[in-house]
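S.K.: This structure is in structure tokens; I'll ask about it shortly.
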Amino acid sequence: MENIMVYLPGIALAYSAFLLAIISPGPNSLAVIGTSMGVGRSSGIALALGVAGGSFVWALLTVVGLTAVLATYAWALMAIKIFGGCYLLWLAYKSFKAAASAHDIDAQEMAGGRRTKFGYARRGFLVQMTNPKAALSWVAIISLGLAPDAPLWVGVAIIAGTTLLSCVIYGLYAVAFSTPIMVSIYTKSRRYVQATLGAFFTFAGIKLLFSRT
């Protein structure tokens with residue numbers, strides 16, 4: 001039990017970073033929202049599951065890659081900490097900037113015409129996998145929870161937890177935003193969400209940069 005408690009704070013921090021990241025308006029969430037509003041709830045859910053599948057693959061690749069790098073190169077831990085901390089601080093800056101902006105979310109149906117449910121799921125997966133910022137985000141998120149001496153179950157817990165969060169949150173987007181009234185509610189809370197996200201990423205970035213392990 002004592003060994004478990006050592007790693008739980010890092011896992012919780014990784015979960016929190018991922019959760020706030022997907023709550024913030026971005027390409028994935030706007031794609032799900034636009035599809036649910038323009039096409040229908042079931043198509044939005046299919047797209048959401050595709051995005052969640054992409055999240056699983058990114059999490060798996062990042063955990064495996066970081067584990068291999070840390071096991072081979074001792075100096076890599078410091079480099080990853082510096083990179084991850086700086087990237088989290090950059091995300092904090094972007095979040096505060098978005099919170100100060102008067103621009104509302106712009107959710108539209110995806111280009112390319114209507115698709116089958118499998119087609120929407122595949123498109124969601126491709127949107128997530130081809131996002132150029134995804135790799136950077138996942139390195140920062142995973143580095144918060146994956147210590148160099150962490151046992152296998154820690155990586156599995158991070159992968160499983162973030163995948164579950166992705167399914168739940170994007171699925172809720174698809175269900176909620178199949179009703180237009182939710183767009184108004186979400187728009188009104190956007191600045192608070194972005195400000196909260198900025199504060200958390202500031203905390204997480206500083207914590208990662210100055211952590212001893």
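The values are calculated or read from the model by the stated rules, or taken from the named source; none is laboratory data. No experiment lies behind these values; they were computed from the predicted model shown. Quick reminder, even Gly has a Cβ in these numbers, built from the backbone with ideal geometry, and neighbours come from all protein chains shown.
S.K.: Among the residues of the stretch 182-213 satisfying the criterion of being of a type in the set (K, R) and over 14 Å from S24 (Cβ atoms), which is modelled with the highest pLDDT?
M.R.: Step one: filter the stretch 182-213 for residues of a type in the set (K, R), giving 188, 190-191, 207, 212.
Retained after the next criterion (residues that are over 14 Å from S24 (Cβ atoms)): 188, 207, 212.
Details: K188: 70, K207: 78, R212: 60.
Among them, the one singled out is K207.
S.K.: Then there's this: Considering only the stretch 136-147, I want to know if a residue exists there that is under 23 Å from K207 (Cα atoms) and not in a helix (DSSP H, G or I). Outline the logic, then answer.
M.R.: Taking the stretch 136-147 and keeping what is under 23 Å from K207 (Cα atoms), we get 136-147.
Okay, now just the ones that are also not in a helix (DSSP H, G or I), so 146-147.
Yes: one or more hits.
S.K.: Okay, next question. Could you check the stretch 34-59 and list, in sequence order, the residues that are farther than 16 Å from G119 by Cα and crowded, with 23+ Cβ neighbours inside 10 Å? Lay out the reasoning, then the answer.
M.R.: Here is the first cut: in the stretch 34-59, the residues farther than 16 Å from G119 by Cα are 37, 55-59.
Selection gives S55, W58, A59.
S.K.: Is it true that A121 is aliphatic (A, V, I, L, M), more than 27 Å from G10 (Cβ to Cβ) and at pLDDT 85 or above? It would help to see each step written out before you state the result.
M.R.: Numbers: aliphatic (A, V, I, L, M): yes; more than 27 Å from G10 (Cβ to Cβ): yes; at pLDDT 85 or above: yes.
Against the criterion (aliphatic (A, V, I, L, M), more than 27 Å from G10 (Cβ to Cβ) and at pLDDT 85 or above), A121 qualifies.
S.K.: Further question: Scan the stretch 96-118 for residues that are modelled with pLDDT of 75 or more and assigned to a helix (DSSP H, G or I) and jot them down. Spell out the reasoning first.
M.R.: Applying the first criterion (modelled with pLDDT of 75 or more) to the stretch 96-118 yields 96-97, 100, 116-118.
Those that are modelled with pLDDT of 75 or more and assigned to a helix (DSSP H, G or I): F96, K97, A100, K117, F118.
S.K.: Sticking with this one: Of the numbered conditions (1) modelled with pLDDT under 85; (2) of a type in the set (S, T, Y); (3) surrounded by 15 or more Cβ atoms within 10 Å (Cβ to Cβ), T72 fails exactly one; give the number of that condition.
M.R.: Looking at each condition in turn, T72 falls short on (3).
S.K.: Still on this structure, please answer the following. Quick one: in the stretch 148-158, of everything that is closer than 24 Å to C86 by Cβ and surrounded by 16 or more Cβ atoms within 10 Å (Cβ to Cβ), which residue is modelled with the lowest pLDDT? Give the steps one after another, and end with the answer.
M.R.: First, the residues of the stretch 148-158 that are closer than 24 Å to C86 by Cβ: 148-150, 154-155, 158.
Subsequent filtering for residues that are surrounded by 16 or more Cβ atoms within 10 Å (Cβ to Cβ) retains 150, 154-155, 158.
Numbers: A150: 79, V154: 88, G155: 88, I158: 92.
So, considering only residues that are closer than 24 Å to C86 by Cβ and surrounded by 16 or more Cβ atoms within 10 Å (Cβ to Cβ), the one modelled with the lowest pLDDT is A150.
S.K.: On to the next question. Has the stretch 4-23 got at least one residue that is within 30 Å of R191 (Cβ to Cβ) and over 19 Å from the mean Cα position of the chain (by Cα)?
M.R.: no
S.K.: Every residue in the stretch 1-33 that is among the small types (G, A, S) and buried (at least 18 other Cβ atoms within 10 Å of the Cβ), please. Step through it out loud before you land on a result.
M.R.: Here is the first cut: in the stretch 1-33, the ones among the small types (G, A, S) are 10, 12, 14, 16-17, 21, 24, 26, 29, 31.
Once the filter is applied, which keeps residues that are among the small types (G, A, S) and buried (at least 18 other Cβ atoms within 10 Å of the Cβ), the stretch 1-33 yields G10, A14, A17, A21, S24, S29, A31.
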